[in-house]
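No lab work stands behind these numbers, since they all come straight from the coordinates. The structure presented is a predicted model; accordingly, all values stated were derived computationally and were not measured. Because the Cβ atoms are built from the backbone with ideal geometry, glycine has one as well, and the counts that use them run over all protein chains shown.
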Amino acid sequence: MSALLEVRDLSVRFGRHRTLAVDRVSLTLDEGDRLGLVGESGSGKSVTALAVLGLLPETATVTGSVRWQGREILGLPDRELAKLRGQEFSMVFQEPMTALDPLMKAGRQVAEVLGLHRGMARGASRPLVLEMLAAVGLADPVRIADSYPHQLSGGQRQRVLMAMALVNRPDLVVCDEPTTALDVTVQARVLATLDERLDDAGAACLFISHDLAVVSQVCARVAVLRHGRLVEQGTTAQVLGAPQRPYTRGLVAVASLEHAEPGSRLPLVDDFARDGGAS
Amino acid sequence: MPRVVLGRLLTLVLSLAGASVLIFLVVQALPGDLAQVMLGERATPAQIEALRERLGLNRPWVVRYLDWVGDMVRGDLGTSALSGLRVTDLVAGPIRVTGWLVLWSTLGSILVALPLGMWSALRRRHWDGFAVNALSQFGMAVPAFLAGILLVLVVAVRWGWLPANGYVPLARDPGEWARHLVLPVVSLVLVQGALLVRYVRSAFVEVLTEDHITTARSVGWTKLAALWRHGMRQAGLSLVTVLGLQVASLFVGAIVVENVFVLPGLGSMVLRAVVQRDFIVVQSVVMLLVVAVLVVNTVVDLLQAVLDPRIRAKEQR
Ligand SMILES: Nc1ncnc2c1ncn2[C@@H]1O[C@H](COP(=O)(O)OP(=O)(O)OP(=O)(O)O)[C@@H](O)[C@H]1O
Ligand SMILES: [Mg+2]
């Protein structure tokens, strides 16, 4: 039996002469798996996710293989991929402030996803939309549904985005730093909701974050990216508890800033990364 | 919403008032004297003075201004001192000619620019998108009168397919009316359309790179469908503004093109009136053009408030 998602030697290059943004990355997710993808800013996390969904701009050259339930989807025409997106896999984006259409009411944006894949008329989908908005933890779904994005808070927008990504019960949800733009208390509640909804649906999740605490809360396994390459992969306990690579050790040390002495020099990832990521 | 409308209408009235003062003052400052022109070179100063008195030219300018504006508000554009005809009657024919010209040119430019601009935005990394872009740059650089003259030389003179100049009213002969309008409209569309292509292109390039288009694609819209469902309105918002400005510049362009094609429109009428120092005609016709442009822009502003919930929200505060 083939895995749900199998990424082999995925490489992404922007422009003709630029360096690789993602360099021979391989990942596997089975049904219901939760894999965390961590790394510093610019390490290629978002590019990897967008490459899997076929959402990179035309300037990107993607090579390697992305198999969805055994079927190669890399290089599939946009029309074919569009049928899978939102239905079999979907994505929650990093920036809730700009990821929603500013000119369309939130409820209608969720309803569209239902209409798109299930051919549901707008009136018929309304109860489902409200139910979904309530399920992602929005207290007043009717009001939210009839609001434009600029009338919602960051946390509310992120929940609307989650509703859009989850409403068709996809088998895989890619979450690209879904809580980074939110403040800490909101972050914890949004994460808890996401956790519940993924459990309910039995959906697999590729969870991108640079926050190790968040990843350890959501994911069973972790993969570490550096300069576009995977440097370490394993269960969350292994990777974060007993990191093998110096770079990962650095990430863990930088993450545990609460243990830092006031006034002492904070550790930098590079202090630990003398191996140059050449793995 | 009613407050938005009220605010825009107030702005419109204030701009009209400002524009009317400006037009009046500029026309007064034009050199030359109507009485002199009417009486000819050999008139005595006394005769000229008497005529000035009779025409009311010796009253203070504030009085003459208020007189003019008061008449206009009542729908009276004044009476030409030279011909003794009412300006409203004089203007009836030319306004149709210019109106048709501007209307068809606007529609024509939209029809040409929308698909071409979208195409060149979507295909901006391919040779065909690039070619559209380069062509539009070239089209923009050509003045409308030059395009007009070239069209006359080739299509009218060389091939003899269409009349080189003149105008036939729609009521008299629709076929001939259309034939006479083709070349003037095409020369305006070439230039205005090229300009519009560039605006459409940049509006859509901007929309294409928006995050929410990627979101729309991530839930299952194809690239084109995402652009259609979630990009059109946004691009439309910026384009509506541009169109308002385009109509204004089309009126100016129309005046030039009317001269090339000898069309009896408002442009030729104003130019003739300036030469003859028939100031009331100049004043009133220019004011008419300004009213048209300002009204179009007010409608554009209102449309924008209707289309964009963010503007609506801001206005209500
Ligand atoms: N559209 C693009 N064109 C050119 N280069 C790009 C593009 N998108 C990303 N890159 C480059 O690819 C590399 C990886 O970027 P990516 O967005 O995946 O980082 P990230 O790990 O998601 O970082 P962050 O945590 O800040 O979101 C970066 O060096 C970036 O400059
Ligand atoms: Mg990112």
Angle in degrees between helix A:246-255 and the longest Cα principal axis of chain A, rounded to the nearest 10: 60 degrees
Gyration tensor (alpha-carbon) shape descriptor, region B:216-313, a/c threshold 1.5: oblate
Dipole magnitude (debye, nearest 20) for chain A, charges at Cβ of Lys, Arg, Asp, Glu: 580 debye
At R0 = 60 Å, FRET efficiency that the Cβ-Cβ distance of residue A:17 and residue B:39 yields, to 0.05: 0.15
In range of the label at residue B:83: residues from region B:280-295 whose backbone nitrogen is under 16 Å from the point 7 Å along Cα→Cβ: B:280-286
Within chain B, helix-based [θ] at 222 nm, where runs of 4 or more DSSP H residues each add -39,500 (n - 2.57), nearest 500: -26000 deg cm²/dmol
Sequence-distant aspartates and glutamates (8 or more away, or on other chains) whose Cα lies within less than 12 Å of residue B:223: A:58, A:78, A:80
Cross-link partners of residue A:105 among aspartates and glutamates (Cα-Cα below 12 Å; sequence separation of 8 or more within a chain): A:146, B:308
0 to 90° range, to nearest 10: angle between helix A:122-135 axis and chain A longest Cα axis: 40 degrees
For a label point 7 Å along the Cα-to-beta-carbon line of residue B:69, residues of region B:22-54 with backbone N under 16 Å: B:22-28
In region A:123-218, the trypsin sites (Lys or Arg not before Pro) that fall in loop regions by DSSP, at most 10 other Cβ within 10 Å: none
Prolate/oblate/rounded call for region B:112-218, Cα gyration tensor, a/c under 1.5 rounded: prolate
Acute angle (nearest 10 degrees) that the helix B:279-307 long axis makes with the longest principal axis of chain B, alpha-carbon atoms: 20 degrees
Peptide-level mean, for A:175-182, of C-beta atoms on other protein chains within 10 Å: 0
Principal axes of the protein assembly as shown: Cα extent on each, largest first, Å: 111, 56, 55
14 Å reach of a label modelled at residue B:228, 7 Å along Cα-to-Cβ, counting backbone N of region A:115-129: A:116
Whether region A:69-223 is rounded, prolate or oblate, judged on the alpha carbon gyration tensor where a/c under 1.5 counts as rounded: oblate
